Every structure is written in structure tokens, then in C-alpha cells.
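Read the structure below first, then the notes.
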Amino acid sequence: MVALKKAVLLMSLNLMISIGAGCASPAPESEAASGADADPPEAEERISVETAPATTYFYREYQMAGPAIRDRIQPLAEEVALAAVKRARLTITGPLTLLLPDFRRYEDGELPVAFAYPVRGHGARLPNYETERKERFRCLTAVFSEQQQDASELWRELYREAANRGYEPSDDNRVVIREQGDGYRTVFQLGLK
């Protein structure tokens, strides 16, 4: 239990940095990215087209304003993880994933944000929580680095890159936090139709 709380706290600290709008998912497979009007080589190197496998998520959705998300990530991530393991009796099989809508429709006000974990098992149904199998997820993916840019700029870059490559964004974006070495890797994924 202590290890779970510590892992959630560390992921949460990294997530606080990355929220601005987002997308991500479990172990995606890279595809060859092509497009006649592609951005300069540095954008192509940083942004790739990937497909995440179908995954079952346990989640709870919240309506939150952007600034409030940062203050609430740690307790909400912990709440969902504990509900999945202790109350629903599911096994968490992957990283904390924020399921997010198309940000262009939420310039101001609150945004629906689902705190989700990939899970395995046939657990108990809980009020206010959902278990849903999401089909394969094709997306533009970029690793977020707070030293290089802010989160909202990276989202804008992903939307621009989708347009440059001739892709139409879907209404499904994700932010995935993966453990990597002594820290965490934050991956933004812009869903594609």
C-alpha cells in the first residue's frame, strides 16, 4: 500500500507539470508518419504516429477548470487507484492515464477529465466509477519536457502537426505517465479519426 501511494504521488507531481490539455495510452506501436506538408524535421522527430492496443480502463470522470487540475491530481489519482484495487478488486496493469476531450471546444470553463488506469479482472461495479474497454487508439504522440516548453504549447503543436499531415483529430486525447528510471515520462497523445 505504501509503494502504491508513493508511486501515485510521484506520478501526480509529474502530471501537475503536464496538464494544459492532453492525450496518452499504454504501449503504442509506432507507424511510419508521412505527409506532404510536414513540419520541419525537428517536429517530425519529436512527434510520431502511434497506435495503442485496445485497453480496458477503470476511471472516474471529473469536471475541472485547468488551474484546479494541478491542485487535485494527487488526491484524485490516489482515490481512483485505491478504488480499483481495494473496492473493485481489479489489477492495475499500466500507468495513470488522463482521458481528455478535444480541447478546442473548451477554451474557457471546466473540462471533463477522466482519471483512468488500465486494469484486468472482473471486479465489482462501484457508484461514480466506470470500467470501459477502449478500442485501438491511433494518435500523434509527443513526450512532454517542461524544460523545453509548456503543456499548452505542446498541445497546440500536436494540433498543428495533425493539420500539416492531413489528419483529423478525434474527440479523444490522453496524457500517460510512465515510470522511467528514477523518474517518470509524460506522453501526450492527440487522438486521430
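A short reminder: the numbers here are calculations on the coordinates, not readings from a lab. Treat the numbers as computed from the prediction; the structure is a model and nothing was measured. No Cβ is skipped: glycine too gets one built from the backbone with ideal geometry, and neighbour counts run over all protein chains shown.
Structural remarks
- Full-stretch length increase - ASP150, ALA65 - with 0.36 nm per residue and alpha-carbon distance subtracted: 28.9 nm
- All-pairs alpha carbon distance profile, the stretch 91-149, 10 Å steps from 0, percent: 15, 40, 33, 11, 1
- At an R0 of 22 angstrom, the distance between the Cβ atoms of ALA163 and TYR106 translates into a FRET efficiency of 0.70.
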